[in-house]
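Here is the structure we will look at, set down as structure tokens.
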Amino acid sequence: MSIWALYAPVTLRDGSWDISRQRVGEAMIDRIGEYAPNIRDAIIDWELFTPQNLEERVYLTDENIRQLDITPQDNFSGARRDAVRLSHSGGGLYLCDAGTPPGGEVTGAPDHNAAHAVLKNWEMA
């Protein structure tokens, strides 16, 4: 099982991730245990990847898989959709990475949107 905890701070207010890793991991398991009481019995081993680990291993700076912060207002305001239209009209450049609206992670939504923009432009040609 993998757990992806979003919005962990890159820098902790008190201490460092190296010092807090065990405590934070245990707290996460305890929280899951509130909903799955036998979770500790099922765990053979666990590892907590900190923002620094993610940057070192997969070059994910500031542990932001979306490349920028996305708020609910961004998705509903239309501003990000306008940005998509502008970026897709740039002479054959179609953006489909994790920072492209409607937001990243590995949803496929930016890829889907870029593919549909390509098809729409081909129909116009």
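The values are calculated or read from the model by the stated rules, or taken from the named source; none is laboratory data. Bear in mind the structure is a predicted one, so any value in this text is a computation, not a measurement. For neighbour counting, all protein chains shown are included, and Cβ atoms are generated from backbone atoms with ideal geometry for every residue, glycine included.
For region 16-46, filtering for residues that are under 20 Å from THR61 (Cα atoms) and exposed (fewer than 11 other Cβ atoms within 10 Å of the Cβ) leaves 1. Contact annotation: residue pairs with Cβ atoms under 9 Å, 6 or more positions apart or on different chains, pairing a residue in region 36-60 that is free of Cβ contacts under 8 Å to residues at least 24 places away in the same chain with a partner that is surrounded by fewer than 10 Cβ atoms within 10 Å (Cβ to Cβ) and part of a helix (DSSP H, G or I), are ALA36/ALA42; PHE49/ARG57.
Taking region 1-15 as the search range and keeping residues that are of a type in the set (A, V, I, L, M, F, W, C) and loosely packed, with under 11 Cβ neighbours inside 10 Å, which one is nearest to THR61 (Cα to Cα)? First the steps, then the outcome.
To start, the set of residues in region 1-15 that are of a type in the set (A, V, I, L, M, F, W, C) comprises 1, 3-6, 8, 10, 12.
Filter once more, keeping what is loosely packed, with under 11 Cβ neighbours inside 10 Å: 1, 4, 6.
On the way: MET1: 24, TRP4: 16, LEU6: 14 Å.
For region 1-15, the residue satisfying everything is LEU6.
Restricting attention to region 81-123, the residues that are at pLDDT 75 or above, crowded, with 17+ Cβ neighbours inside 10 Å and either among the β-branched types (Val, Ile, Thr) or in the same structural domain as VAL58 (by TED's automatic domain parsing) (or both) add up to 0.
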